[in-house]
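Quick note: the coordinates plus some simple rules give every number you see, no bench work behind them. Since the structure is predicted, the reported quantities are computational estimates derived from the model, not experimental observations. Quick reminder, even Gly has a Cβ in these numbers, built from the backbone with ideal geometry, and neighbours come from all protein chains shown.
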Amino acid sequence: MNPEPLEDDSSQTLTVPPEARGSRLDQFLSAQLEGLSRSRLQDLISEARIQVNGVSAKSSMKLRGGETIAVTIPPPAEMRLTAEAIPLDVVYEDSDLLVVNKAQGMATHPAPGTLSGTLVNALLAHCGDLSGIGGVTRPGIVHRLDKDTSGLLVVAKNDLAHQGLSAQIAAKTATRQYLAVIMGTFETTEGTIDAPIARHPKERIKMAVVEGGRHSVTRWRVLEEFRVSGRATTSLVELTLETGRTHQIRVHLAHLKHPIVGDPVYAPASPFPVKLAGQSLHAFRLSFDHPRDGRRLTFEVAPPEPFQKLLNYLRQG
């Protein structure tokens, strides 16, 4: 049997083939129903929305072959957030996903104290074809950008896309690359920062390199170096994430004494007269395989105007 997609608010009946004898119910269904995670299937089983020969069953039920399985997917529940018609810079969109160029100053998702004005609020208004993630009508945030970091984000519209994109992030087959202006210069043109990150032991709003923290790896490459008369040396660097920890790039660069210019948390005040809206960090390139058809997609966007103005100032020396 070939896996088939099963949409929200639908039903399907399957007959268990002889070769599936001995398989767990949830494992069998996970292989047959494309776009439903194991945890989502287990929820449906516990809600009695999956029945074997007309009777509710457990996830761990061992199949014998020949059973009839009826699967009913309820319509997705509404997310308790307000859809807001906030302008979005949509770089790419289809029925499974969209790629947006997030503006600096916009939070990616709601949090205590920030329940409106976020990317999720904007997406709820923009997307008229969300089929739901885990049974809830919402966009699937696969990876995040800090509020004051601009650039590319891919967002899933359904479970199939969310699972596929999340797996690529975990397997490091999706690539996320950034541009940053940092204080100082490196002694070499490229390198790797491999240092564990955890919550700062004293300043709870910060993250820090902490022994025993989560494994964190960032690769860097110098693109340009600048020397501004009477002020400081700086560098434009390209950074590639191998892991995705909170504030990872910002923390790693600050740990090396090369904080990002304009970073309000990990750097001193910028010594340059260019007005910045936050750290000069921009997610400029994103590459991944389309979760439905396998096409390799790559997107690039230029940094926002304040970042460009800073570069122009630095290039003038």
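How do 199-205, 276-282, 165-171, 215-221 rank on mean C-beta neighbours within 10 Å, highest first? Before the final figure, lay out the partial values.
Working: 199-205: 10.1, 276-282: 24.3, 165-171: 15.6, 215-221: 18.3.
So the order, starting with the most tightly packed, is 276-282, 215-221, 165-171, 199-205.
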Give me the distance between the Cα centres of the stretch 43-73 and the stretch 206-266, rounded to whole Å. 51 Å
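In deg cm²/dmol, rounded to 500, what helix-only [θ] at 222 nm does the chain give when every DSSP H run of at least 4 residues adds -39500 (n - 2.57) and the total is split over its residues? Walk me through the numbers on the way to the answer.
Numbers: 6 runs with 57 residues, N = 317.
Counting only the DSSP helices, I get -5000 deg cm²/dmol.
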Based on C-alpha coordinates, I'd like the Rg and Dmax of the chain, in Å. 23.3, 81
Work out Dmax and Rg for the stretch 164-235 from the C-alpha atoms and quote the Rg first, both in angstrom. 16.0, 51
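Can you give the Kirkwood hydrodynamic radius of the stretch 255-294 from its Cα pairs, in Å with one decimal? Please list the in-between numbers first.
On the way: mean 1/r = 0.0783 Å⁻¹.
After inverting the pairwise mean of 1/r, the radius is 12.8 Å.
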Going through Lys58/Lys157; Lys102/Lys257; Lys58/Lys102; Lys172/Lys206 one by one, the pairs whose alpha carbons sit over 32 Å apart turn out to be Lys58/Lys102
